1. Give me the Å³ per residue figure for the convex hull around the C-alpha atoms of the range 46-149.
2. In nm, to one decimal, how far is the modelled label at residue 90 from the one at residue 163, with both set 7 Å along Cα→Cβ?
3. Tell me, what is the FRET efficiency for residue 172 and residue 76 to the nearest 0.05, using R0 = 25 angstrom and their Cβ-Cβ distance as r?
4. Take every Cα pair under 8 Å in the range 1-149 that's 6+ residues apart, average their separations, divide by the length, and report that relative contact order as a whole percent.
5. Given R₀ = 30 Å, FRET efficiency for residue 43-residue 83 by Cβ-Cβ distance, to 0.05?
6. With the crude spin-label approximation of a point 7 Å out along Cα→Cβ, what separation in nm comes out for residue 61 versus residue 33?
Amino acid sequence: MKKTLLFKILLLLTVFTLASCTERGPIGPEGPRGPQGPPGPEILPITFEFNANFTPNNGFEHFEDIPPQIEVFDSDVILLFILEDYIPEDDLEVWRKLPIIEFNNRGTLLFDYDFTFVDIRLFLDANYNLGINDSFQDILIRAVHVPSNFLAKTRSNDTLKDIKTFDEMEAYLGVPINRLEK
């Protein structure tokens, strides 16, 4: 009885497997193209550069105002890079993203930053007392403002599951839907 049941299950699986291995049918014609939607906003990250000094006189920190033409929102981020090297024979700049951690014979040195809506603060921090030997002059910094939006503030995919009619979809999208009549 068990062998017969096992044989029937294997036979059924074999039939389904072989039936699903057939060639696909022809692809139908492409449907009509929908109307052109409104253009989306052109939002690009903005980059600016500045020089920074880190000395005992400024407490090993540098404040830089964000240029007035850049509006920073609470969902945006600022990324900072430091010009680490220049390769003249290839005319290549080598940029390194902050934070940077350096291990030396005195301990660990951290080169990091934070930002607000109006400024950026770069600073050196160490697990030892910083001194004149830890100073840096005219460090070229590249700042990148990346505009973004919190996911929770955008439309939820859960509302898409509740849409059942064309009228509800039009209301959700805020544009009329062109309906094809048969």
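Since every read-out is calculated from the coordinates, none of them should be taken as a lab result. Please read these numbers as outputs of a predicted model, since none were measured by experiment. Using ideal geometry, Cβ is built from the backbone for each residue, glycine included, and neighbour counts are taken over all protein chains shown.
1. Dividing the Cα hull volume of the range 46-149 by its residue count gives 124 Å³.
2. Spacing of the two 7 Å Cα→Cβ label points: 4.8 nm.
3. On the way: r = 27 Å, r/R0 = 1.08.
It comes to 0.40.
4. Result for the range 1-149 is 32 percent.
5. 0.70
6. A separation of 5.6 nm, rounded to one decimal place.
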